[in-house]
Amino acid sequence: MKTHLHKNHLVKQQGSVLLEALIAVLIFSLGILALVGLQAAMIKNTGAAKYRADASYIAQKRIGEMWADPSNLAAYVEASTDISAMIPGGRRSVTATANPGEYQVTVGWTAPGEAAAANATTAPCFMTVAHCFTTITNIVGG
């Protein structure tokens, strides 16, 4: 009689091993899916960081050109110039502020697959782009 109870006990454990294996596969699969999602978010954020760095470089390059030619600053003032060859959906504007010798440089872009602003009335870009980088410089000697 003891062996009969023992066999029933073994049969019950064999079913639980299968259940444990299925649960382990489920947990492993969820972990893999989470890692894939994390990698996708990381790639998207890396792309966004690259566009921000590019926009900063474009703005600083324009400021460097203005510093190199302070007697001709009015020639650098521009409103929503197309710079899409430098950055996707890119626009650049340079405006003089109310303070003498102070200029605001704005670089805007729309990453592939994104929707640009419907119109150019939204601050701080005032351009039909999805993102913008704005910096202000003070150039003396103009």
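The values are calculated or read from the model by the stated rules, or taken from the named source; none is laboratory data. Predicted, not measured: the structure shown is a model, and the values here were computed from it. Cβ sites come from the backbone with ideal geometry, for glycine too, and all protein chains shown count toward neighbours. Ligands, DNA and RNA are excluded from the accessible area calculation, which covers all protein heavy atoms including side chains. Shrake-Rupley method; radii C 1.70, N 1.55, O 1.52, S 1.80 Å.
Numerical summary
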read-out	value
Which of Met86, Ala75, Pro112, positive extreme of dipole for the stretch 39-142 (C-beta unit charges)	Pro112
Within a Gaussian network of the chain (alpha carbon springs, distance under 10 Å), most fluctuating of Val105, Val17, Val36	Val17
Crossing angle, helix 2-68 versus the chain [Cα axis fit, 0-90 degrees, rounded to tens]	10 degrees
Charge dipole (debye, nearest 20) of the chain; +1 at Cβ of Lys and Arg, -1 at Cβ of Asp and Glu	980 debye
Accessible surface of the chain, 1.4 Å probe, proportion on carbon and sulfur as whole %	65 percent
Relative pair counts by distance (%), Cα atoms of the stretch 56-104, 10 Å bins	24, 57, 18, 1
Accessible area (Å², per residue) of the stretch 60-142, counting only protein heavy atoms and a probe of 1.4 Å	54 Å²
In nm, spacing of pseudo-spin labels at Ser29 and Asp82 (7 Å Cα→C-beta vector)	5.0 nm
Extreme residue, positive dipole direction of the chain, given options Ser29, Ile58, Thr122 (C-beta unit charges)	Ser29
Cα pair distances in the chain, grouped into 10 Å bins until the bin that holds the longest one, percent each	10, 27, 19, 11, 8, 7, 7, 6, 4, 2, 0
Built amide H within the under 5 Å cut-off of Glu102, gap 5+	Thr97, Ile139
Euclidean distance between Cα centres, the stretch 32-103 to the stretch 15-30, Å	51 Å
